[in-house]
Amino acid sequence: MTVTWEELGWERVAERVGRCRLPGWDCTAGLVLGAGPVLMVDAGSSLAEGARLRIEAQELAGRRVTHLALTHPHFDHVFGTAAFAGTEIYAAVGMDAVVSHDREELRLDAIRNGLAAPEAEEAADALPLPRRPVSGEWTLDLGDGRQALLANVGPGHTAHDLAVLVPGDPEVVFCGDLVEESGDPQAGPDAVPSRWPAALDRLLSLGGENALYVPGHGAVVDAAFVRRQRDALAARFGVS
């Protein structure tokens, strides 16, 4: 590593695993440094933000990002994707159809939430399709025995929720917006509320009791927090 996480304003979560809390929507971007491959989790809310993440990731890794996992199809997590040219892009199966058919709605949602219209239009037009659909689980080999597990744990926050488990001590789970710490979980028109608690059950099964859970927005949490949020969502939506 050529610079430290802290020097670039990132948070070290575990050995060779970090995340950045981006301004504006307090959105998480994650980074996993392998022996050769480099995995980014989510891409920011604009092409400019994606470019910033790409540059900082390269400084931290000493080489370019090779893999990008998108946790769900919302603008604040995917609109920086085109800045990562040449990467393998992974997402839950079906997200490519969202990008293909709902590009205009993504643009409008970004503008409604405060992204400048020219930036929203530029990012929506440039947004590439994820070419690596994950229907169950997909193990990425990051070299020297290091792996990351991509798991399609939804639906819940959306119909296409992907989590990323990084084995280690501690294990780290990037949750996307299935878990939020800085506010109540947001259930928009594309949410599947009746399935959300079950998605969090799968998330907890994936990481276990001792993992660190990195939410889509907010501070890193533990399994007890995820379980409380799961129970609150079940009560909110009237499901078990």
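The values are calculated or read from the model by the stated rules, or taken from the named source; none is laboratory data. Keep in mind that what you see is a predicted model, and the values were worked out from it rather than measured. Quick reminder, even Gly has a Cβ in these numbers, built from the backbone with ideal geometry, and neighbours come from all protein chains shown. Ligands, DNA and RNA are stripped out before the accessible areas are found, and what is left, the full protein with its side chains, is counted by its heavy atoms. Shrake-Rupley method; radii C 1.70, N 1.55, O 1.52, S 1.80 Å.
Observations on the model:
- Failed criterion for Leu162 (all others in (1) out of contact with any His (no Cβ under 9 Å at 6 or more places or on another chain); (2) open to solvent by less than 10 Å² (accessible area, probe 1.4 Å) hold): (1)
- The one condition in (1) more than 28 Å from Leu33 (Cβ to Cβ); (2) touching a residue at least 12 places away in the same chain (Cβ under 8 Å); (3) over 16 Å from the mean Cα position of the chain (by Cα); (4) exposed (fewer than 15 other Cβ atoms within 10 Å of the Cβ) that Trp196 fails to fulfil: (4)
- The set of residues in the range 40-68 being part of a loop (DSSP other than H, G, I, E, B), farther than 25 Å from Gly114 by Cα and not β-branched (Val, Ile, Thr) consists of Gly62, Arg63, Arg64.
- Test set (1) in contact with a Pro (Cβ under 6 Å, 6 or more places away or on another chain); (2) farther than 25 Å from Gly24 by Cβ; (3) in contact (Cβ under 8 Å) with a residue 60 or more places away in the chain - Asp144 fails condition number: (1)
- Every listed requirement among (1) over 21 Å from Thr28 (Cα atoms); (2) open to solvent by less than 50 Å² (accessible area, probe 1.4 Å); (3) assigned to a strand (DSSP E or B); (4) not basic (Lys, Arg) is met by Trp138 save one, (2).
- Scanning the range 182-197 for any residue that is outside any loop (DSSP other than H, G, I, E, B) and in contact with a Leu (Cβ under 7 Å, 6 or more places away or on another chain) turns up at least one such residue.
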